[in-house]
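In what follows, a structure is listed as structure tokens, so that the remarks can point back to it.
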Amino acid sequence: MISWFEKQNLASWIVTVLIGIIIYYVSSLEFGGGYGGSNLQAMIYHLGAFFFFGLFLMISSVRGKRKIFFIFAILLSAIFAILDELHQYFVPGRYCSMGDVFLDSVGVVFAFLIYSILIESR
């Protein structure tokens, strides 16, 4: 399936952008009450959302060949994670958390590891 997305570059970029839009939308939702970022569900969301964002960004830019673009994808994912948290600072009921940026980055690193292993095993 990943090789299909590598060949269908437009489709992989569309999925990447859609995941980014979904992340931005979820970050825009207002939450009442206390801080909800410390529970398991939030941790899984951060890891999963940025795993898939990072994975599709890598598929779109690396395409199994241009390994130098791994750096681009990882840096862009990290910058997006930071901007996402800064955006949440301005949303009522949301907070800016470096812990969330860390979880987002861990998701991207897992995506990097899995995608690079898949490329090398071909």
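The values are calculated or read from the model by the stated rules, or taken from the named source; none is laboratory data. This is a predicted model, so every value here is computed, not measured. Here the Cβ is made from the backbone with ideal geometry for all residues, glycine too, and neighbour counts use every protein chain on show.
Structural remarks
- Just one of the numbered conditions (1) out of contact with any Asp or Glu (no Cβ under 7 Å at 6 or more places or on another chain); (2) exposed (fewer than 12 other Cβ atoms within 10 Å of the Cβ) is not true of ILE22: (2).
- Search result, residues across region 51-97 that are exposed (fewer than 14 other Cβ atoms within 10 Å of the Cβ) and within 17 Å of the chain's Cα centre (by Cα): ILE71, LEU75, ILE79, LEU83, LEU86
- Residue match in region 13-30 (condition: assigned to a helix (DSSP H, G or I), of a type outside the set (Lys, Arg), within 11 Å of the chain's Cα centre (by Cα) and modelled with pLDDT under 95): no
- Of the residues contained in region 60-69, none is found to be in contact with a Leu (Cβ under 8 Å, 6 or more places away or on another chain) and either within 22 Å of MET98 (Cβ to Cβ) or assigned to a helix (DSSP H, G or I) (or both).
- Only one of the numbered conditions (1) of a type outside the set (Val, Ile, Thr); (2) under 15 Å from ILE119 (Cβ atoms); (3) not in a helix (DSSP H, G or I) is violated by CYS96, and that is (2).
- Taking every residue in region 94-122 that is over 16 Å from PHE69 (Cβ atoms) and free of Cβ contacts under 8 Å to residues at least 12 places away in the same chain and pairing it with any residue that is aromatic (Phe, Trp, Tyr) and surrounded by fewer than 19 Cβ atoms within 10 Å (Cβ to Cβ), at least 6 positions away or on another chain, the pairs with Cβ-Cβ distances below 6 Å are CYS96/TYR89.
- Verdict on ALA73 being aliphatic (A, V, I, L, M), touching a helix residue (DSSP H, G or I) at 6+ places or on another chain (Cβ under 9 Å) and either part of a loop (DSSP other than H, G, I, E, B) or farther than 15 Å from PHE5 by Cβ (or both): no
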